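K.L.:
Please find one structure pasted underneath; my questions will follow.
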Amino acid sequence: MNRLTFLGTGTSQGVPIVGCKCPVCTSTDPRNKRLRTSAFLHTPQANILFDAGPDFRYQMLRAGITDFDAILLTHEHRDHTGGLDETRSINYFQKHIIPLYGNRETLQSVQQTLPYAFGEHRYPGAPEFQLTEVGKEPFSINGLEFTPFEVHHFFCNKVVAYRTGDFTYITDAKFIPPESEEIVKGTKTLVVNALREEPHPSHFSLGDALAFIERIQPERAYITHMGHFLDYETTRRKLPENVFLAYDGLQIEF
């Protein structure tokens, strides 16, 4: 049995947002408390982390996760890569280098952001990574096969989404090319982003996400990367029977 844990389901500022007094940011419903988006996939073959944002340390401690086999990065934005320095404890306690997967732009950004972790004169104690560039070809981690595909975030910013078996993980999408949508078809469990109900220039709105889900027809779909415009309980009541709002700490099996 495979299990996905939603470590964070919030947008780049998280929810609540510092200084905001809106109903969602001041809500007492724990499902409205959203760390930056990340997820942990546990399978018999491998344990995989999707992204490592600024909340990485707390997310690992809260979920009791002490190790994983690889990190799959979706793109270079700080809310998805800002916690990579914190992985050095994995290097130290688990005694292994961390495989890091991402497209060329993302891996270049990581090297620029953490220059002390790369190059000839690494800083002692800096995190250690094995970088693997992701293109369009499938790849395997401990026998678990992933098919990467491209979705678009804002204008030309490319985000990598991942499918493994009947499960697909998509975040920060505004547009999904037809060839990528073909890869998603047949998915039974789908995770996809939706920032808010109103249109947004660089993220799916809730309507965009629901239209995409309707085209794909998964058995069930989970919404992630949500802002403070989506109240959990109010929004949940509007969704089709097979569509759910994810929340921090939610675990699903498939």
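K.L.:
Please give the charge dipole size of the chain, origin at the Cα centre, charges +1 on K and R Cβ atoms and -1 on D and E Cβ atoms. Round to the nearest 20 debye.
P.N.:
For this selection, approximately 540 debye.
K.L.:
To continue, here is another question. Which GluC sites (Glu not before Pro) in the range 144-199 sit in a loop by DSSP (not H, G, I, E or B) and have at most 16 other Cβ atoms within 10 Å of their own Cβ?
P.N.:
Glu197
K.L.:
Related question: If you roll a 1.4 angstrom probe over the protein chains with everything in place, what fraction of the accessible area of the chain belongs to carbon and sulfur, to the nearest %?
P.N.:
51
K.L.:
While we're here: Among 160-168, 38-46, what's the highest-first ranking by average C-beta atoms within 10 angstrom per residue?
P.N.:
Going by the mean number of other Cβ atoms within 10 Å, highest first, we get 160-168, 38-46.
K.L.:
Any idea what the relative contact order of the chain is, in percent, if you count C-alpha pairs under 8 Å spaced at least 6 apart?
P.N.:
It rounds to 20 percent for the chain.
K.L.:
Rounded to the nearest 500, what is the 222 nm mean residue ellipticity of the chain from helices alone, with -39500 (n - 2.57) per DSSP H run of 4+ residues and division by all residues?
P.N.:
Working: 7 runs with 52 residues, N = 254.
Here the helix-only value at 222 nm equals -5500 deg cm²/dmol.
K.L.:
Relative contact order of the range 64-133: what whole-number percent is it, with Cα pairs under 8 angstrom and at least 6 residues apart?
P.N.:
Relative contact order, the range 64-133: 38 percent.
K.L.:
Could you provide, to the nearest whole Å², the per residue accessible area of the range 183-236 with probe 1.4 Å? Write down the numbers at each step before the final one.
P.N.:
Details: 2070 Å² over 54 residues.
Accessible area per residue, the range 183-236: 38 Å².
K.L.:
Also: Roll a 1.4 Å probe over the protein chains and send me the accessible area per residue for the range 5-111 in Å². Intermediate values should be presented prior to the final figure.
P.N.:
Details: 4550 Å² over 107 residues.
Using a 1.4 Å probe on heavy atoms only, each residue of the range 5-111 averages 43 Å².
K.L.:
Of all beta bridges DSSP finds with both residues in the chain, what is the antiparallel percent, to the nearest 5? Mind showing how you got there, number by number?
P.N.:
Working: 27 of 50 bridges.
The antiparallel fraction comes to roughly 55 percent.
K.L.:
My understanding is that a pair violates if its Cα-Cα distance is over 26 Å; which of Lys21/Lys158; Lys21/Lys238; Lys174/Lys238; Lys95/Lys188 do that in this structure?
P.N.:
Result: Lys21/Lys158; Lys95/Lys188 exceed 26 Å.
K.L.:
From the Cα gyration tensor of the range 93-165, with a ≥ b ≥ c the square roots of its eigenvalues, which class applies: rounded if a/c is under 1.5, or else prolate if a/b is larger than b/c, or else oblate? Could the numbers behind the result be given before it?
P.N.:
Details: a/c = 3.04, a/b = 1.38, b/c = 2.21.
It is oblate, given that a/c is not under 1.5 and a/b is not larger than b/c.
K.L.:
Take every DSSP beta bridge whose two residues both sit in the range 87-206, then give the antiparallel share in percent to the nearest 5. Write out the running numbers ahead of the final one.
P.N.:
On the way: 14 of 22 bridges.
Counting only bridges with both partners in the range 87-206, antiparallel ones make up about 65 percent.
K.L.:
With volume of the Cα convex hull per residue in Å³ defined as stated, name the option among [x] 140; [y] 152; [z] 127 computed from the structure displayed.
P.N.:
Recomputing volume of the Cα convex hull per residue in Å³ here picks out [z].
K.L.:
While we're on this one: Once the Cα gyration tensor of the range 10-158 is found, what semi-axes does its equivalent ellipsoid get, as square roots of 5 times the eigenvalues, in whole Å, sorted largest first?
P.N.:
Semi-axes from the Cα gyration tensor: 26, 19, 17 Å.
K.L.:
Just name one of Val191, Pro240, Ala209: the one whose Cα is farthest towards the positive end of the charge dipole of the chain (beta-carbon charges, Lys/Arg +1, Asp/Glu -1).
P.N.:
Pro240
The values are calculated or read from the model by the stated rules, or taken from the named source; none is laboratory data. Nothing here was measured: the structure is a model prediction, and the numbers come from that model. Please note: Cβ atoms are built from the backbone with ideal geometry, for glycine as well, and neighbour counts cover all protein chains shown. Accessible surface areas use protein heavy atoms only, side chains included; no ligands, DNA or RNA. Shrake-Rupley method; radii C 1.70, N 1.55, O 1.52, S 1.80 Å.
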